[in-house]
Amino acid sequence: MSNDVSFIAGQFQKPKLSADGRTLVVRIPFTLRRLGGRKQVITPANAAPWIPTAPRVDATLIKAVVRGHRWLEMLESGRYATIRDLAKAEKINESYLGRVLRLTLLSPAILDTILSASKACGLELADFFKPFPLDWEKQKQKISRIEDS
């Protein structure tokens, strides 16, 4: 496909496909103006403004990841000898603590996806409470299947 794009300010038209089917012509009405040394795109007065949606951060999932790492550090430092002791001190269910601790086994790529607000991953905490593989490549495959469904 060709990278040719036509710009004619003020004309609204549907995109047109060339006769050979290799070029798509798109007409986008806008004007460029210099404002304080910068170029600014000015849309027509009757055009609806485009406001990008803010990336959605799942605070519950992020909080669980942080808690998991904090609890792992508490166990590894010897402050608590067992999950049972830690769960009792934190006043939470042992089963829940164990599921949250598993989040410390996630691959760095998955953690980056969870923590990065710029990537709307669509994953939820419940997705990680189901069993997942320890191998990072298999984790990636499983997560991609969850995102696709």
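The values are calculated or read from the model by the stated rules, or taken from the named source; none is laboratory data. Only a predicted model underlies this, so the values are computations on that prediction, with no experimental measurement involved. Cβ placement follows ideal geometry from the backbone for every residue including glycine, while neighbour counts extend to all protein chains displayed.
Report whether or not Leu75 is closer than 21 Å to Ala59 by Cβ and surrounded by 15 or more Cβ atoms within 10 Å (Cβ to Cβ). No. Among the candidates Tyr80, Tyr96, the residue that is at pLDDT 90 or above, over 18 Å from Ala64 (Cα atoms) and among the hydroxyl-bearing types (Ser, Thr, Tyr) is uniquely Tyr80. Take the conditions (1) touching a Gly at 6+ places or on another chain (Cβ under 9 Å); (2) at pLDDT 85 or above; Pro44 misses just one of them, which is (2). The residue that is modelled with the highest pLDDT, counting only those in region 119-149 that are farther than 14 Å from Ala59 by Cα and of a type in the set (Gly, Ala, Ser), is Ser144. Looking at region 47-58, can you tell me whether even one residue there is part of a helix (DSSP H, G or I), under 30 Å from Pro131 (Cβ atoms) and in contact (Cβ under 8 Å) with a residue 12 or more places away in the chain? No, every residue in region 47-58 fails to be part of a helix (DSSP H, G or I), under 30 Å from Pro131 (Cβ atoms) and in contact (Cβ under 8 Å) with a residue 12 or more places away in the chain. Only one of the numbered conditions (1) within 23 Å of Leu115 (Cβ to Cβ); (2) β-branched (Val, Ile, Thr); (3) modelled with pLDDT under 85 is violated by Ile62, and that is (3). Surrounded by 17 or more Cβ atoms within 10 Å (Cβ to Cβ) and assigned to a helix (DSSP H, G or I): does that describe Ala109? No, not satisfied.
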